Amino acid sequence: MKLLLDATRCQGYGLCQEPAPELIDLDEWGYAQVSDTPVPEGGEEAAAEAVAACPNSALRLVK
């Protein structure tokens with residue numbers, strides 16, 4: 001599983017980081033940054049919560 005970010009949809013609310021701080025970093029302006037690495041074993045639930053927390057649907061969880 002990978003967490004993908006559509007940076008054009010991110011509005012910098014930072015809500016996605018709350019459920020998954022180990023998967024999502026925020027830049028100096030509060031915009032999400034995700035790693036290109038797969039979601040680690042056991043992190044799928046937190047990644048799904050991060051996707052659900054984004055009000056602009058900027059995040060996706062893909063296989």
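The values are calculated or read from the model by the stated rules, or taken from the named source; none is laboratory data. Computed from a predicted structure; not experimentally measured. Cβ sites come from the backbone with ideal geometry, for glycine too, and all protein chains shown count toward neighbours. These accessible areas exclude ligands, DNA and RNA; they are computed on the full protein's heavy atoms, side chains included. Shrake-Rupley method; radii C 1.70, N 1.55, O 1.52, S 1.80 Å.
Miscellaneous remarks
- Only one residue of 21, 35, 52 has its Cα farthest out toward the positive end of the dipole of the chain, where Lys and Arg carry +1 and Asp and Glu -1 on Cβ, and that residue is 52.
- Ellipticity estimate at 222 nm from DSSP helix runs (n ≥ 4, -39,500 (n - 2.57)) divided over the chain, nearest 500: -4500 deg cm²/dmol
- Accessible solvent surface per residue of the chain, calculated while the other protein chains remain in place, 1.4 angstrom probe, Å²: 65
- Rounded to the nearest 10 degrees, the angle from helix 44-53 to the longest Cα principal axis of the chain is 20 degrees.
- Within the chain, GluC sites (Glu not before Pro) in DSSP loop having at most 16 other beta-carbon neighbours inside 10 Å: 22, 28, 41
- In a simple Cβ point-charge model (Lys, Arg +1; Asp, Glu -1; nothing else charged), the chain has a dipole of about 320 debye relative to its Cα centre.
- Loop sites in the chain: chymotrypsin sites (Phe, Trp or Tyr not before Pro), DSSP, at most 14 other Cβ within 10 Å: 29
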